[in-house]
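Before I ask anything, let me first share the structure, which is written out below as structure tokens.
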Amino acid sequence: MERDWKRLGAALKAAREGRGLNQAAVAEDIGVKRGTMRNIENGDIARVTPTVRAYARAVGWDERSVDEVLAGGAPIEVSSPPGSDARDAAAAESIAMAAPEELPLRIQAALREGPLLDTAVINLPGDEGDDGQMVVIVKGRTGATPEQLKRALLRWEEAEVKLRRGGSADETDRD
């Protein structure tokens with residue numbers, strides 16, 4: 001069965017617009033340029049990439065939706081909106097299940113432990129994303145209290161601002 005890339009792009013665009021999101025907001029959320037978003041929405045792609053899957057998650061689709069739509073089916077909506085605990089749990093499970101084998105074992109193990117707090121794809125400092133990006137997965141400690149997780153998330157939010165501005169790694173450290 002041939003995959004219908006234009007159908008997928010149109011469905012993602014419709015889902016984005018249905019949630020009242022603009023291209024720029026979704027592009028920033030998933031860490032890509034608007035041109036990448038345009039290419040996806042126009043069906044000018046030839047394979048399912050992590051960016052396509054991130055776009056699907058950003059518009060509230062279940063992990064299987066991209067393949068369903070490409071095969072002629074309908075997307076599967078996540079019961080909770082993006083950013084909710086259900087999405088985070090699904091993302092954490094997805095990360096744990098899809099940990100690339102080329103990652104060191106300690107990284108694979110860390111991806112499977114603790115609650116997922118956030119994820120980000122950030123262009124390398126001084127770069128428009130053409131040369132490289134960093135992928136950040138922020139995990140809480142297993143057994144942490146809600147207050148500890150909240151503090152960890154606040155620290156990450158401060159660090160993320162500095163990383164997105166192109167600050168040095170030293171600037172993100174706190175005493």
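With the crude spin-label approximation of a point 7 Å out along Cα→Cβ, what separation in nm comes out for Leu149 versus Asp67?
2.8 nm
Roughly speaking, what % of Cα-Cα pairs in the stretch 5-70 are separated by over 18 Å, rounded to a whole number?
21 percent
Enumerate the calculated ³J(HN,Hα) couplings along the stretch 31-46 in order (Karplus 6.51 cos²θ - 1.76 cosθ + 1.60, θ = phi - 60°), each rounded to whole Hz, writing x wherever the residue is Gly or Pro.
For the stretch 31-46, the Karplus-derived couplings read x, 10, 7, 4, x, 5, 4, 4, 4, 5, 5, 7, x, 8, 9, 10 Hz, x marking Gly and Pro.
Search the structure for amide H atoms under 5 Å from the amide H of Glu77, placed 1.01 Å from N in the peptide plane, and list their residues when 5 or more places away or on another chain.
Hits under the 5 Å cutoff: Asp62.
Taking the beta-carbon count within 10 Å as an exposure proxy, list Arg34, Arg47 from fewest neighbours to most.
With the fewest neighbours first, Arg34, Arg47 line up as Arg47, Arg34.
For Thr119, Thr142, what's the fewest-to-most ordering of other Cβ within 10 Å of each Cβ?
Numbers: Thr119 18, Thr142 8.
Lowest to highest Cβ neighbour count: Thr142, Thr119.
If amide hydrogens are placed 1.01 Å from N in the peptide plane, which non-local residues have theirs closer than 5 Å to the one on Leu117?
Val138, Lys139, Gly140
Continuing with the same structure: By count of other Cβ within 10 Å, fewest leading, how are Val135, Val59 ordered? Could the numbers behind the result be given before it?
On the way: Val135 10, Val59 22.
In increasing order of surrounding Cβ atoms, one gets Val135, Val59.
Tell me which lysines have Cα within less than 21 Å of Lys162's Cα, excluding those fewer than 8 residues away on the same chain?
Reachable lysines: Lys33, Lys139, Lys150.
Let me ask something else. What is the log10 of I(q)/I(0) for the stretch 100-168, computed with the Debye formula using one identical point scatterer on each Cα and no solvent, at q = 0.11, 0.13, 0.14, 0.24 Å⁻¹?
Once normalised to I(0) and log-transformed, intensities are -0.33, -0.46, -0.53, -1.07.
Just so you know, all these numbers are worked out from the coordinates, no wet-lab data involved. Just so we're clear, the structure is a prediction, and the values are computed from it rather than from any experiment. As a convention, Cβ positions derive from the backbone with ideal geometry for all residues, glycine included, and neighbour counts pool all protein chains shown.
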